[in-house]
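The values are calculated or read from the model by the stated rules, or taken from the named source; none is laboratory data. What you are looking at is a predicted structure, and each value in this text was computed from that prediction instead of being measured. FYI the Cβ positions are ideal-geometry reconstructions off the backbone, even for glycines, and counts take in every protein chain you see. For accessibility, only protein heavy atoms count, side chains too; no ligands or nucleic acids. Shrake-Rupley method; radii C 1.70, N 1.55, O 1.52, S 1.80 Å.
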Amino acid sequence: MNFQHILFSICDSGVALLCLNRPAQLNSLNEAMHLELQQALAEVIANPAIRALLLTGEGRGFCAGQDLFDGSVIGSGEPLDLGQTIERFYNPLVSALRDLPKPVVCAVNGVAAGAGANIALACDLVVAARSAYFVQAFCKIGLVPDAGGTFFLPRLIGTARAKALMLLGDKLPAEQAEQWGLIWRVVDDELLREEALMLARKLAKAPYSLALTKQALNQSATNSFNEQVALERDLQRKAGQSEDFKEGIRAFMQKREPKFNGR
Ligand code: T3D
């Protein structure tokens with residue numbers, strides 16, 4: 001696959017590495033980049049050799065959200081329908097990351113602003129460089145937080161903190177984000193890629209049940225207790241019929257490490 005605005009490669013360890021690659025614009029997203037992301041994510045979903053995804057950015061930023069110079073934002077003086085960009089690109093993107101039946105690690109290598117911050121929050125495990133920060137920049141330009149931010153943020157850190165971040169647009173340093181439980185872990189800048197890759201490689205060896213666990217956790221945000229325990233029952237039924245469950249039990253009895261194939 002040949003891309004201009006992203007780098008996409010599949011490592012032999014079952015990890016797909018997807019790198020946003022417009023560093024001079026802090027990896028802000030334009031239409032062409034969105035289309036490439038859609039193609040790459042379709043490949044991640046379809047290719048059984050890919051068992052985990054690592055998302056990161058080139059250069060000093062992770063992603064500065066929407067490219068504010070893109071024609072879809074400034075237009076030609078006519079009133080614009082920004083809902084169209086959300087409908088075509090941002091909603092499908094955060095839904096794809098959240099619902100992907102494979103684990104997604106996000107390595108936030110620098111500033112994550114606007115939709116860029118919320119794209120990171122749609123991923124499963126977020127690791128950030130110590131120098132990185134998050135900013136809900138929307139209020140600074142007269143927009144509403146999007147890309148799932150108003151869903152993810154209050155659920156991760158509570159309404160009081162989410163409101164302050166979204167109404168004030170202040171920078172949230174990575175270390176504070178870790179302390180608040182917004183992200184999984186902060187690591188030294190020079191170790192970020194290596195640590196994130198290690199994590200993704202580990203997840204790429206995980207059993208089929210991991211996809212189901214992800215589904216259960218995603219649905220727990222909106223399910224009642226009764227709905228959630230019913231879901232756990234159904235998913236456990238599925239997991240119990242998987243090849244990986246058989247292998248897990250076999251390996252336990254033989255006192256060896258299991259070798260899961262993701263089925
Ligand atoms: O369709 C729709 O529009 C609806 C969807 C909206 C989703 C959204 O994401 S809205 C929010 C959009 N993003 C922002 O408002 C953030 C804008 N950027 C910033 O506030 C700052 O750049 C940062 C806080 C991210 C970083 O600041 P700093 O000082 O480290 O860097 P800088 O000098 O501002 O930026 C460096 C370069 O990146 C600069 O280009 P230049 O002057 O060196 O040629 C700057 O213009 C460019 N850049 C940064 N953000 C964007 C951008 N170019 C286009 N779009 C951007 N969002």
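Using a 1.4 angstrom probe on heavy atoms only, work out the carbon and sulfur share of the accessible area of the chain in %.
55 percent
Which shape class, rounded, prolate or oblate, goes with the range 209-253 when its Cα gyration tensor gives a ≥ b ≥ c as root eigenvalues, a/c under 1.5 marks rounded, and past that a/b bigger than b/c marks prolate?
Prolate.
Subtract the Cα-Cα distance of T213 and A32 from 0.36 nm times their separation in residues, and report this length gain in nm to one decimal.
So the chain would gain 61.8 nm between T213 and A32.
What does the accessible area per residue of the range 161-243 come to in Å², with a 1.4 Å probe and no ligands, DNA or RNA counted?
63 Å²
Return the FRET efficiency for the residue pair R130, S95: r is the Cβ-Cβ distance, R0 is 30 Å, and the value is rounded to the nearest 0.05.
The value I calculate is 0.50.
Measure off 7 Å from each Cα along the Cα-to-Cβ vector at K259 and C139, then give the distance between these two points in nanometres to one decimal.
For the pair K259/C139, the computed spacing is 5.5 nm.
Quick one: if you stick a label point 7 Å off each Cα along the C-beta vector at R185 and F69, how many nm between them?
The two pseudo-label positions are separated by 3.7 nm.
Would you work out which of I45, L203, A64 lies farthest towards the positive end of the dipole of the range 6-204? Charges go on Cβ: Lys and Arg +1, Asp and Glu -1.
Towards the positive end, the residue furthest out is L203.
For n ≥ 4 DSSP H runs only, could you compute -39500 (n - 2.57) per run for the chain, divide by its residues and tell me the 222 nm figure to the nearest 500?
Roughly -13000 deg cm²/dmol at 222 nm, from the helical runs in the chain.
Using only the alpha-carbon atoms, what does the chain span along each of its principal axes? Please give whole angstrom values in decreasing order.
67, 44, 36
I'd like the isolated cysteines in the chain, meaning no second cysteine's beta-carbon lies under 4.7 angstrom from theirs.
C11, C19, C63, C139
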